[in-house]
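Everything below concerns the one structure shown next.
Derivation of every value follows stated rules applied to the coordinates shown; laboratory data play no part. All values derive from a computational prediction rather than experimental measurement. Cβ sites come from the backbone with ideal geometry, for glycine too, and all protein chains shown count toward neighbours.
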Amino acid sequence: RGVHGDVEFEGVDVLDALQGLGKPVLAQVHAAVRGGGVGLMLACDLIVASETASFGTPEIRVGLFPMMIMTLIFRNVPRKHALEMMLTGDTLQPRRARDIGLINRVVPADMLIAETRALAEQVASYSPAVLKLGKDAVYQTQDMSQRDALAHLRSQLTINTMLDDAAEGVMAFMGKRAPEWKGR
């Protein structure tokens, strides 16, 4: 629970929970996403948007700044683009949002559900143990120095190679068959 002055921001717990879930979280966006909705969207790992979506942080227009979502914006969007979003409050169309790294994919509106489902099924077809280990490593190392991140990632690689699913994946590859994940 985040506190700013006398105001509590329960959304902080939600944003942290999405990134700490241990499973990939996908967002499917079909309409306007503004302010805190942008933060919620960015707390997801992958974002598929339709051509009918739009994005923005219009808080500046009413004398506010998107404080609680700023850290997520800066972790996803290069600084100059992030500042432009927050300082102007302008609306971004989907292709521009994709080009600056705010979202992953833009698809026609009638393909949104199918494309999101296909992406989810692709990701879900991989080892859940490896997905969790990898996702956790991404978020654990995002603010570390390169040296510290590499040291941490070396330890995670050791753990990864000792997983049953890693052995299964290699054996399946060598045997030219689909792996049968055990989740460990």
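A few points about this structure:
- Using alpha-carbon coordinates, inclination of helix 79-88 to the longest axis of the chain, degrees: 30
- With R₀ set to 30 Å, the beta-carbon distance separating ARG95 from PHE65 gives a calculated FRET efficiency near 0.70.
- Gain on full stretching of the segment that runs from THR88 to THR158 - 0.36 nm per residue minus C-alpha separation: 20.6 nm
- P(r), alpha carbons of region 96-184 - 5 Å bins starting at zero, rounded %: 3, 12, 15, 15, 16, 16, 14, 8, 2, 0
- One quarter of the convex hull surface built on the alpha carbon atoms of region 37-93 amounts to 3.9 nm², the projected area averaged over directions.
- Remark: the chain is approximated by an ellipsoid whose semi-axes, taken from the C-alpha gyration tensor as √(5λ), come to 33, 22, 14 Å, largest first.
- Cα pair distances exceeding 15 angstrom across region 120-170, given as percent: 50
- Acute angle (nearest 10 degrees) that the helix 146-162 long axis makes with the longest principal axis of the chain, alpha-carbon atoms: 40
- Relative to the longest principal axis of the Cα atoms of the chain, helix 164-174 runs at roughly 70 degrees.
- Here r is the Cβ-Cβ distance between ARG105 and ALA32 and R0 is 22 Å; the resulting FRET efficiency, rounded to 0.05, is 0.75.
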